[in-house]
Each structure stands twice: as structure tokens, then as C-alpha cells.
Amino acid sequence: MKKFRKVLDGLTTSSPVNPGGSPSCGSAAGTPSTAPTPRELEIQETLMSEHFQICKTVRHGFPYQPTALAFDPVQKILAIGTRSGGVRLLGRPGVDCHCQHESGAAVLQLQFLINEGALVTACADDTLHLWNLRQRRPAILHSLKFNRERITFCHLPFQSKWLYVGTERGNTHIVNIESFILSGYVIMWNKAIELSTKTHPGPVVHLSDSPKDEGKLLIGFESGTIVMWDLRAKRADFRIYYDEAIHSVSWHHEGRQFMCSHSDGSLSMWNLRNTAKPFQVTFPHGKTQRDGRKESCKPILKVEYKTSRNSEAFVIFSGGLSYDKAGRRPTLTIMHGKAIIVLEMDYPIVDFLVLCETPYLNEVQEPYAVAVLLEKDFLVVDLTQSNFPIFENPYPMDIHESPVTCTAYFADCPPDIIPVLYSIGAKHKKTGYSHKEWPLSGGTWTVGSQTYPEIIITGHADGSIKFWDATAITLQMLYKLKTSKVFEKPKSGDVGRSAELVEEDPYAIQMISWCPQSRIFCVVGISAHVILYCFSKHDANTTITSLVVRLQCEMEDVISPSDTENTPCFSDPSGLSPQPQPPSPRSNTPDSVRDSNPCLKVKDRMIRMPPGYQAELVVQLLWVDGEPPQQITSLDLNSAYGLLALGNCNGLAVVDYLQKTVLLCMSTLELYGSADPFQRLTRSPRKNRQSTSDFCMRGLSNFYSDSKKRIRTSYQSLTELSDNQVSLDLERSKSPTSDHVNGHCTSPTSQPCPTGRARVPGGPEGPRLARRGPGRPPFRKAQSAACMEVSLPVSSLTEESRENSFSRSRSSSVSSIDRETKEAVTTLQFAESYGRKSDTLPTPCLWVGTSLGLVLIIPMSIPTDEQERQEDPVTVAPTGTVLMLKASVLRFAFLDCGGALINSPYEVWRDQHAPDDPDRPRKRKLVNFSPSSSQEASGDGHLAVVCSERQAKVFFMPSQACLYVHNITESSFVLRADVVSVCNSVCLACFCANGHIMTLRYNLTGSVNRD
């Protein structure tokens, strides 16, 4: 269900922040702002709510939890049904359509109306649906509900208007396919079997018409009973009673014999001339034991019996292996003459179909391929070649070959990047596929009107990276990169290391940053490491540079708002020089051996790197005082500056990847200096902490289960502040983690907490509160603001300080180690901006957003000459400039005074390992988008759009005055946000935790709600 609504309280209609009111940080306390008003900017708005709508275009990847398979041999289209009621239609590469039953009931069976552009689906809610596939968007024409019986099997003969439906009670109903109503002809189970038989034959498991006479219907019951029913005479021609349960039946094309598969792993052949007993019974995988008996085998779930003119018949079945070996992989067996070929599968087989040249059952079938549907894969086997190779699948079925842990989408990429990635990736493709064309060749498709290149990058749990071409409807893999090759394989002698790597994913990807213009690529791994790659068309022998960073907070960041109601924004950097912190007492645990060491070891020898992305630099965070490094929560790189910035819950680090040096490594507290808007307590001496060897390299098992619970309620509903400090403390004592609402866990880090009892570090859950533990998901931000402890004076709190300040019970039994809290760096962005109010020209800056809703601007001095850039140091000097929002900061964007989006500067790509050309020396070519470049006069300033989980603000730079403010949501929070260009204008797009997609512009807010 989709609906569209208008919200008329957009950014322009929101009142500009009063400089003397709540802490906008637009100016010093009591000083009016001289920033231009919204009217003076004269930004021409062209976006209207009518320009926005949600439309599903295509669904990529393997169908989740598949249940059924069908094939149209004339149109050569294949359909896959799923447990959630979805139907996937696949044809030639590019033909890929997804349909969904509104009921969401599982699809039990699919039947094509061959060569008619229609499909029948039987669902678990005992409803039949007739789909029309001849229109642009397939739709249901008719539905038929069975109220008293459960559907178990359906059969639709070729060019027939009658659909046969078997039920759990053993009855067979006949549906007119044109009117889609019951015909009234019912084959009752007690009439199908002999009257003398008193036992129920079981559900109908098979229905098929005789190839020799379409007026004869073969009915197979689960118990082993088979009945040939004469539809005209309304009586049974013959009945077969077999002592083994039947799973499937397959006819010979002449209609004189058929084959059955049974639950004991046997295949029985029956001749219509003598139905008293089978003329052949075989156990394909059953060996004869010493006593002469066949060993027990698993059931053969399905069998297909197909004939060929130029060779012997094919018998293809799934299952039937013996029970002698445990843990054997699922198999598909192909019996061709005397040869028996067993194909092992990676996943259990859901269904398979033999693809034949003709749709007529009474003709020689001439099978040419087998389509095999697995639980997590789909493949097609070529039957025309003796070694039975598989076809190369043109659909992106292997997206989740290793679980996807992060994704990134890039539009308007340089036009040459896709052909380059494809040419490099083609050299590393697997071989051994069938040389024939993909057998599913049905359907037609046309390229849409969009022509801009689109690329999707996926990061995976095994440390691999995949680049996908998403320009057209189809999704095609371009290039695959394995980040694990940068590191040494762990040795058994490493202290505590080998035990941690067992059943873990130390290389799992958390974040991706890519500059398509310079082709600089950067990834963040779960082991607190960053790898920077450069692209080259030539192979190279090089050594990977490794840098280590010590990001460890040495202050107890217990926070309280300052007494000043209006938090000023200082520009005095005098108190911001980093002070050396005294070393903390070293923990006397085995993990102290790992101090000052990273989690993984980078290869320190010369490595040959093939063409493509080649590792240049690895930055790793260190163990400190027996504690593993906190995971990295934010990342940004800029190729024009040659800088890389990363942050976590302890602080910020800036790396010069051109000179391979660390420029800045400071805690968040040190970045504020005297401009810190909060009061923080000094850390008490460290106590000996528990061993953390089992906490360093955590796998993804918790992540996959906890990721479903990441959609938590908003910070406001989690922390309803009361004016009464006593009631506030009592409420916090009931929920020390601030993540329990009405007795329900709302945060992935919450642990069950008995009502009325505060946790203490000495209790059974104390250590988990004091440090990272296995109960926390590995891909979570280092510290949620909802879990942070603060000291709240009850005196007049403004709304923003209420939103950014939380409290919980501070019982005397709770030590300072339990009250540990950290302000995480949640977002970073390099840009040409103004670091101080007095600046007249934009300079390179780093914008830093934190989990407490604060924004810091750090200007930098970067040499402009190429030679000086390689030799002279880059100066990074925090100024103390602080802006404030509600909740955790998510995104920055910059607009000129005309409302146009300002892109970040970048370096044009150059191949570092290309052969030297004396006539064309390789020099850095920079493309700069200065805020003043689009203005008539230099120094007019620009707009900075800052979006948090709850709020969006627009600041005018360099005055830092807040022009607009908009509260995006009160009942939820924003998961992702970005400022994007739409119809020659820009808008702020937000995806909220409640499933709403909201688009904001200056004077109108449009939101698309998805329920």
C-alpha cells in the first residue's frame, strides 16, 4: 500500500532560529547575526510534490526462500515462486520481472499456459490465481478460493482449457481455465479407489494426462496408490497398489509406460499392459549388502523420464543417496544409458525441470538442459555435452554468495569507468562453462530513457568487494576485489589469534568510500582497519605501506550542558593544542601482550598485484590497555587533497595518503578545546579489566540476527525527560540502558533488565556494560546517544539541550567504569568551506559530525604546488567552531547562494604504474568546485546543509548563522539522508526508521509513506 501526502511546514516556512534564543551557534551569545535572510538569497525553487513518486523498477538478486519452478518451452520463459508470495519471471538477459501476491501466501506450484502469456499460481492459502503476462506489468485476472480443501497438486495439459487440482483429502477438482470457475466435475477419492479398500489413499501428489489419450488422467496418491481415470466414462481403467510411498511420476512419450520415484530411494517402471506389478525396480544408489538386501536410501523426491532420437533416454532425479555417510551434499543424478553422473550441489534442491524442444508429451522430448532451483542458487545444466557443464548465469543470483554487509550506490559516473572495470574483471572470470547461449531466451526488453552510468558496490562478510553495473534494468557484475589478500594468514603460533579467527569474519566490510573520477577506493573492515586502493591498468610489484593509529579516549566523557543557555561558538584555537595524556595503568591480563598491535598483520613483503585495484595503504587502529580497538564509525577521502579521515567513538584521525603519514590523531574532547559545550568529568584510574581476547574479532552471527532489531524508536520516545529529577532517576533505574520502552527492547544493544534494579559492574552483566561484548552487533555505531550517560541539571533546559542530553540512575554502587560513555564521530566530509567567521575565501576544510548532534569545522592548509605537496607537511588546525543539532549527525552538503549543489574537488585519474612517457609527464590534475566559482563576486559565501537523525538545518557560511531549521520526525528517526539533484534543483532525501521516505526542499516537504 502506497500513499503520497504533502506536509506544508517545510524549511522556508520554519521560522529562522532566533540568535538570542535556543543555541543555534550562529553567533556568539547575545550578538545578532548579520546573515542574509531567505528572501535575500533568491533561490529559485522548481520542485513540487507532484514531481515525486515511488515506483518499483526491478528486483535484483536471488529470490528469497524459493518454493516452486515452471517453464514455458515455447516462449522460453521461466518462473520461480517464493515462500513470501513472490513470483520471479526470467527470460533472456535483461528480462527480469517480479510479481507479488497481496496475500503474501507461499507459492506452492506454478503452471504456465504454454505460449499464451498466462500463468497459474497455487498458493498456501488454497487460492488459485491466473496471471496475465502479456501486459507491461503482470496482473491477476482471476482468483479462485478453495474453502474446504487444501490444494496439494495442479496439472494443466498443453492446449487444454481444463486445470486439474488435487487436494489433501484425495479428491481431484477440474477448473475451467477460461472462466476460472469450478466445472462441477469432481473425482472423489472413494470412487477412484476400489470400494473394498477401507483405508484412505492420502493426498494427491501427482496428476498427468496420458500422452496417448488426453481423456485419461493418471492420479498418484501419497500412500502408493495409482489410478488411471477415464474422464469420459467417469470410471477407473486400472488401479495400482504399491507398498512404498510415491513422490513423483513421469511418462514415456509413447504413453505405454511410466516411472515412479519412491520414499525408499527406488525407481519403479510400470507397463500399462500389466499393472499387477512393476516390470523393473532399481535402486540407483543402493548397494547390495552381504545378506543380499539393498542398503537403505533416502527418498527420490522427483524423477523425469525423457527420450531422445539420437541417444538413449535420460532419467534425471534428485535424492536417493544411501544413508551410509552423514553430511553428504544434495545431488542431482543423470542416468544416460549405462552412465550414471552425480552432480553435487552447494544447497538443497527445491525443484528441477528438464527443458525439452517440444511441448507435446506424445513426441520425442529431446531434452537439452536441466534447470535446477536450489535454496540459494539457480543453475542450468547443459545436457548436450558429455561432461554436463553448467551455463553461465546472466542474472545476478550470486549477490549474497557471501552475506552482504554494506552497499553503496553511485550515479553519473564517468562514462569510461564501466568498460574499464568490465575489461579488468573479465580476465578473472571462471572457466568451464557451456559454450552455448543461455537457454532462457524469451521476452523482450528495451533500454530506458536514462543514459547515465550507475554503479552499485557491495561489501561482503568474507572481505570481498563487488562492482555491479546497474545502468540498465539488468545488474551485471563488473569486477571483484578480495581485501583479505592484503593481510597475512594467521599462524597457529600467534598468541590468541588463531582461536579468534575460527568461525569468524575478520575481513568483513563495514563502509565503502569511492571517488569515481580519481578511481581512489577505500574500505573499512570490521577489524578496525582501512585499506586504500588505487586503480591501474598494469600489474605492479609493490609493498603495501602500513600505518597504525592509537585512538583511545583517556577522559571520562560524562557530559552536562553548560550553565549558559546559549552555547557560543568560539573561534579561539589557543586551548586546542593536544596535550599528552599520561599512560593508563596496563592491565595485567593476557591481552596486554597485544597492546600497541593491530588486530591483523599486513603483508610486509613485495607483492605482485594484477591490473585493477591495487592496495597502497593500510591504516589500522591499535589495541590499548588490553582492549581491542573500537570499530570505525565514519570515513571520508578526498583525492584532490590527498587526505583520508576516519573516526570512531574515541576520536578522529586524518591521514595524508600521498606522504603516508598521520596528520591528526585526537580525541573528540581535544577537538573542542575551550569551545566544548558540555562539562566532562575526569576519568578515574583504570581498574583491571576482564580478558578481551574473545571480543576482538567478532563474527557476523550476532549482526544478522540483531540487524532486524536496528529499527528502534526515536531518541525522544526513548528518553522522555521529566522536570522532576527524582522521578527521572527512578525511571532511569528501571532502564539503565535507556533502550527499553514499555517493557520492550528497542535497541540492538539492550539486554533484559529486571524492573527496579540498576545494573552494577560486579553483577553478571556488569562487564558487558563496561566494554564491548558479544551481545552487541559488530556493525553498530560505537555508542548510541540513547545509551549515553549525562549529568543533567534540572534548571531551565532548552529543547535542543534536552534532545542532546540523557541521564540514568547514578547510584553510589555504580562505579565510574560503568558510567563510561563516548562521543562517536558519525560523519565526515572534506569540502571547500570557511573554517572561521573571519575567513573571506574558502579553504580546504573537514566537517565533523558527532553522535551528540555537534558539528566541528577543521580548516586545513594544503600546499598547492605538486612538488611541495609531496614534501611539505599539511597543516590541520581545529578552530573550535561548533554547530549544534538534535540527535546524531548523518550528512553534510553544500550549496552556493543560488541553491546549486557544490561538489567536492577531486583529482583526475592517472595511472601510477603506466610506462613513463617523457613527452607527457604524469602530473596531478585537480578539478575544484569552489563556492565562489559560481558567484559573480568572490567571497559571497555558501550554504551548508546539515542533517541529523531528527533535524535538518541550513547554515550560512562564513557567518555560521542558522537560516532554516526543520524537525524531520518526532516519532521516529532518520536512517539515511543525502542531498541530491532532481530536475535541475536539489532536495534533501531522508529514509526514516518507520519506513517513510521524505523529500525536503526550501518551502515544501513531500513525503512518501510505505506501510
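The values are calculated or read from the model by the stated rules, or taken from the named source; none is laboratory data. For clarity, every value in this text was computed on a predicted model and none was experimentally measured. Neighbour counts run over all protein chains shown; Cβ positions are idealised from the backbone, glycine included. Each accessible area value is taken on the protein alone, full model and side chains, heavy atoms only, with ligands, DNA and RNA left out. Shrake-Rupley method; radii C 1.70, N 1.55, O 1.52, S 1.80 Å.
Please tell me which of these pairs span more than 21 angstrom C-alpha to C-alpha: K603/K925; K212/K234; K56/K145? It would help to have the intermediate numbers written out before the result.
Numbers: K603/K925 32 Å; K212/K234 18 Å; K56/K145 28 Å.
Flagged as over cut-off: K603/K925; K56/K145.
May I ask you to evaluate 6.51 cos²θ - 1.76 cosθ + 1.60, the Karplus curve with θ = phi - 60°, for each residue of region 631-646 and list the ³J(HN,Hα) values in order in whole Hz, giving x for glycine and proline?
Karplus-based 3J(HN,Hα) across region 631-646 equals 5, 6, 10, 8, 7, 7, 9, 9, 6, 5, 7, x, 10, 9, 10, 9 Hz.
At 0.36 nm per residue, minus the direct Cα-Cα distance, what do S596 and R59 gain on full extension? Give it in nm, one decimal, please. Walk me through the intermediate numbers first.
Values: separation 537, 0.36 × 537 = 193.32 nm, distance 4.61 nm.
Additional length available on full extension: 188.7 nm.
So what is the accessible area of region 159-208 per residue, in Å², with the probe set to 1.4 Å? Write down the numbers at each step before the final one.
Numbers: 2460 Å² over 50 residues.
Per residue, region 159-208 has an accessible area of 49 Å².
Between E866 and I340, what length in nm is gained on full extension when 0.36 nm per residue of separation is reduced by their alpha carbon distance? Let's see the in-between values first.
Numbers: separation 526, 0.36 × 526 = 189.36 nm, distance 6.81 nm.
Separation in residues times 0.36 nm, less the Cα-Cα distance, equals 182.6 nm.
Could you tell me whether region 115-161 comes out rounded, prolate or oblate from its Cα gyration tensor? Rule is a ≥ b ≥ c as square roots of the eigenvalues, rounded for a/c under 1.5, then prolate if a/b exceeds b/c, otherwise oblate. If you can, show how the numbers build up before the last one.
Working: a/c = 2.85, a/b = 1.48, b/c = 1.93.
Taking the square roots of the gyration eigenvalues as a ≥ b ≥ c, region 115-161 is oblate.
Can you compute the modelled spin-label distance between D412 and T199, with each label point 7 Å from Cα toward Cβ, in nm?
Each label point lies 7 Å from its Cα, and together they span 7.3 nm.
Read phi for every residue in region 61-78 and hand back ³J(HN,Hα) as whole Hz from Karplus 6.51 cos²θ - 1.76 cosθ + 1.60, θ = phi - 60°, with x for Gly and Pro.
Working through the residues one at a time gives x, 7, x, 6, 6, x, 10, 8, 9, 8, 9, 9, x, 8, 6, 6, 10, 10 Hz.
Go through 250-261, 965-976 and give me the packing order, highest mean Cβ count within 10 Å leading.
Those peptides, ordered most packed to least, come out 250-261, 965-976.
What are the residues whose amide H is under 5 Å from the amide H of E392, where those residues sit 5 or more places off or on another chain and H is modelled from the backbone?
Sorted by chain and number, the residues that satisfy this are S434.
In whole angstrom, how far apart do the alpha carbon centroids of region 514-536 and region 135-192 sit?
That distance is 57 Å.
Rounded, prolate or oblate, given the Cα gyration tensor of region 402-479, with a/c below 1.5 counting as rounded? Walk me through the numbers before you get to the answer.
Values: a/c = 1.57, a/b = 1.06, b/c = 1.48.
It is oblate, given that a/c is not under 1.5 and a/b is not larger than b/c.
If you count, for each residue, the other Cβ atoms within 10 Å and average over each peptide, how do 306-312, 824-830, 616-622, 400-406 line up from highest to lowest? Walk me through the intermediate numbers first.
Values: 306-312: 13.6, 824-830: 24.7, 616-622: 22.0, 400-406: 17.3.
Packing proxy ranking, top to bottom: 824-830, 616-622, 400-406, 306-312.
How large, in percent, is the carbon and sulfur part of the accessible surface of region 290-351 at a probe radius of 1.4 Å? It would help to have the intermediate numbers written out before the result.
Details: 1680 of 3560 Å².
Of the solvent-accessible surface of region 290-351, carbon and sulfur hold 47 percent.
Along the charge dipole of region 127-239, pointing to its positive end and built from +1/-1 on Cβ of Lys, Arg, Asp and Glu, which listed residue (I177, V227, H142) has its Cα farthest out?
Going by the Cα projections, it comes out as H142.
Using each residue's phi in region 974-984, evaluate 6.51 cos²θ - 1.76 cosθ + 1.60 at θ = phi - 60° and report the 3J(HN,Hα) Karplus result to the nearest Hz, with x for Gly and Pro.
Karplus values, whole Hz, x for Gly and Pro: 7, 8, 9, 8, 7, 9, 10, 8, 9, 6, 6.
Say the cut-off is 29 Å between C-alpha atoms; which of K191/K298; K376/K485; K298/K480; K306/K480 go over it? Please report the intermediate quantities before stating the final value.
On the way: K191/K298 32 Å; K376/K485 27 Å; K298/K480 39 Å; K306/K480 40 Å.
Correct reply: K191/K298; K298/K480; K306/K480.
Can you tell me what the convex hull of the Cα atoms of region 79-203 projects to on average, as an area in nm²? It would help to have the intermediate numbers written out before the result.
Numbers: hull surface 33.9 nm².
So the Cα hull casts an average projection of 8.5 nm².
In nm, to one decimal, how far is the N967 label point from the K161 one, both placed 7 Å along Cα→Cβ?
6.5 nm
Going by the alpha-carbon gyration tensor, a ≥ b ≥ c the square roots of its eigenvalues, is region 240-311 rounded (a/c under 1.5) or, if a/c is not under 1.5, prolate (a/b greater than b/c) versus oblate?
Since a/c reaches 1.5 and a/b is larger than b/c, the shape of region 240-311 is classed as prolate.
Which of the peptides 839-845, 863-869, 120-126, 140-146 is most tightly packed, and how do the rest follow, judged by the mean count of other Cβ atoms within 10 Å per residue? Intermediate results must be reported in sequence, preceding the final value.
Working: 839-845: 18.0, 863-869: 11.0, 120-126: 21.4, 140-146: 14.1.
Output ranking for 839-845, 863-869, 120-126, 140-146: 120-126, 839-845, 140-146, 863-869.
For K923 paired with K430, estimate the spin-label separation in nm (one decimal), with each label point 7 Å from Cα along the Cα-to-Cβ line.
4.9 nm
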